[in-house]
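Visitor: Sharing a structure below in structure tokens format, with a few things to ask.
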Amino acid sequence: MMMVPKIKDSMKTICLKFFFLIGFFLPTNSVGQTNQSDLNTKLAELDDFLSMAQGEVGFPGIAFAVMQGEEVILQKNLGYANLEHKVAVSHNTVFPLYSLTKPFIAVGVFSLIENGKLTLDDFASNYVDGLPDSWKNVQIKHLLSHSSGLPDMAGSNPYEIRDFTKEQAKDRVFEMPLIFQKGEKYAYNQTNFWLLKEIIEKVSGEELSDFIIHNQFPNANDEGVFFSADAREVIPGRATAYFPWVKGKLMIDTPYANGDYFLACNGFHITLENFIQWDQRLRTNHLISEASRNAMWKLFDYTNSEKSFAYGWEVTNLNNEIGYGFSGAMATFYRTYPKKNISIIFLSNGFASMYNQDALANGISSIMLGQ
């Protein structure tokens, strides 16, 4: 049985080392708390930590929540959804999730598996016509675990394919060679989730956006959860994205249109409140059964790699506390720790300075886990 490698140093030590380099520190006194007073201490430390992170990394705006059991024990908005007009982040602010879209897609796939419409061993070519011959033995399990060995539709520079049509993107990637044999190792790419979109739509008979929203957000309105592949669309409540990619400083992200074929890769948008409700449904088996969730979170057995990754989910081990989650564009992340029944949601609309997102996620987690 594969094991998730444990981070041997204390998370506090690791995060102290990292955050010292960029000018702020992880608050102390986060050990073994159980009563309400100690919980309040944790939350105060976390509040300070978030404020320092926002100042040092330069997150324009943040929406953040911590859930324990059925309770939301901390929910906070910081900063601005739009800097130019000083529009504060609010409960109505919608954040693009970027690659954090992928766990929602994975849940959708496992709901189809649970209902007997798919299996992990099905070949992608059973559902998607016109694939190159070299792709035809790739199975759904390889797409979810990023072990397909397929070339990346996004290429080495995602800006290269902005404004590509689906046919242009397909023509380009179909000409590329395989990177390695299926199942061999982990290599994150967007082609895997483009194919999953095609499979979901074929099997469900619905557009991806309708399938995900109808099944995972039955009570949400259209303004609080939606898919969009076009950053140029005028959408009420959507946070403006700011990144340092172009000039090394905070700038409005380059408007782009990836096309709907990229929706399963990075197209989901959501408010914090709707994300909180989704987390509750996931942890209480209202999206998929406990057995399906456990199957989704099972480590994939790569033939030539020790990578700890499940089916669409990253797996972390903080001093023997196993967590599941994902992140997007260094701007968003989600972690859930089943043993402690704790989940963490972090949504932002960009950042000004490069930073280590894993250290941030681990630091926040270590406070809440009492490490």
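The values are calculated or read from the model by the stated rules, or taken from the named source; none is laboratory data. Just so it is clear, the structure is predicted and the values come from calculations on it, not from any experiment. Don't worry about glycine lacking a Cβ; one is built from the backbone with ideal geometry, like all the others, and counts go over all protein chains shown.
Visitor: Could you please give the count of residues in the stretch 225-236 that are in contact (Cβ under 8 Å) with a residue 40 or more places away in the chain and surrounded by fewer than 16 Cβ atoms within 10 Å (Cβ to Cβ)?
Guide: Total meeting the criteria: 1.
Visitor: To continue, here is another question. Can you name the residue in the stretch 204-224 that is touching a residue at least 40 places away in the same chain (Cβ under 8 Å) and part of a loop (DSSP other than H, G, I, E, B) and, of all such residues, is farthest from the chain's Cα centre (by Cα)?
Guide: ASN219
Visitor: Give me the pairs: first residue in the stretch 76-97 and assigned to a strand (DSSP E or B), second residue among the charged types (D, E, K, R) and surrounded by fewer than 18 Cβ atoms within 10 Å (Cβ to Cβ), beta-carbon distance under 8 Å, and six or more apart or on different chains, which are they?
Guide: Close Cβ pairs (under 8 Å, with a partner that is among the charged types (D, E, K, R) and surrounded by fewer than 18 Cβ atoms within 10 Å (Cβ to Cβ)) amount to LYS76/ASP47; TYR80/LYS86; VAL94/GLU223.
Visitor: Something else: Being of a type in the set (Val, Ile, Thr), farther than 26 Å from GLY248 by Cα and without any contact (Cβ under 8 Å) to a residue 40 or more places away in the chain is true for just one of ILE73, ILE113. Which residue is that?
Guide: ILE73
Visitor: Also, quick follow-up: What is the residue count in the stretch 280-309 for residues that are assigned to a loop (DSSP other than H, G, I, E, B) and of a type in the set (A, V, I, L, M, F, W, C)?
Guide: Number satisfying all stated conditions: 5.
Visitor: Next question, about the same structure. Can you tell me which residues in the stretch 343-367 are part of a helix (DSSP H, G or I) and crowded, with 18+ Cβ neighbours inside 10 Å?
Guide: Listed by number, the residues that qualify are GLN357, ALA359, LEU360, ALA361, ASN362, GLY363, ILE364, SER365, SER366, ILE367.
Visitor: Also, quick follow-up: Hey, ARG172 hits all of (1) out of contact with any strand residue (DSSP E or B) (no Cβ under 9 Å at 6 or more places or on another chain); (2) of a type in the set (Lys, Arg); (3) buried (at least 17 other Cβ atoms within 10 Å of the Cβ) but one; which does it fall short on?
Guide: Result: ARG172 passes all but (3).
Visitor: Answer with yes or no whether TYR127 is among the aromatic types (Phe, Trp, Tyr) and closer than 27 Å to PRO236 by Cα.
Guide: No.
Visitor: Now a separate question. Please work out if LYS182 is surrounded by 15 or more Cβ atoms within 10 Å (Cβ to Cβ), outside any helix (DSSP H, G or I) and of a type in the set (D, E, K, R).
Guide: Spelling it out, LYS182 is indeed surrounded by 15 or more Cβ atoms within 10 Å (Cβ to Cβ), outside any helix (DSSP H, G or I) and of a type in the set (D, E, K, R).
Visitor: Further question: Taking the stretch 330-342 as the search range and keeping residues that are surrounded by fewer than 20 Cβ atoms within 10 Å (Cβ to Cβ) and touching a residue at least 40 places away in the same chain (Cβ under 8 Å), which one is nearest to the chain's Cα centre (by Cα)?
Guide: Applying the filter and picking the extreme gives PRO338.
Visitor: Among the residues of the stretch 296-313 satisfying the criterion of being closer than 15 Å to PHE193 by Cβ and either of a type in the set (A, V, I, L, M) or modelled with pLDDT under 95 (or both), which is surrounded by the fewest Cβ atoms within 10 Å (Cβ to Cβ)?
Guide: ALA310
Visitor: For the subset of the stretch 41-51 comprising residues that are surrounded by fewer than 16 Cβ atoms within 10 Å (Cβ to Cβ) and within 24 Å of the chain's Cα centre (by Cα), which member is nearest to MET368 (Cα to Cα)?
Guide: Here the answer is ASP47.
Visitor: Turning to a different aspect of this structure: Which one is farthest from LYS182 (Cα to Cα), of the residues in the stretch 93-129 that are polar (S, T, N, Q) and under 20 Å from the mean Cα position of the chain (by Cα)?
Guide: Among those that are polar (S, T, N, Q) and under 20 Å from the mean Cα position of the chain (by Cα), it is THR93.
Visitor: Okay, moving on. Yes or no: the stretch 288-307 includes at least one residue that is closer than 22 Å to TYR188 by Cα, within 17 Å of the chain's Cα centre (by Cα) and among the aromatic types (Phe, Trp, Tyr).
Guide: yes
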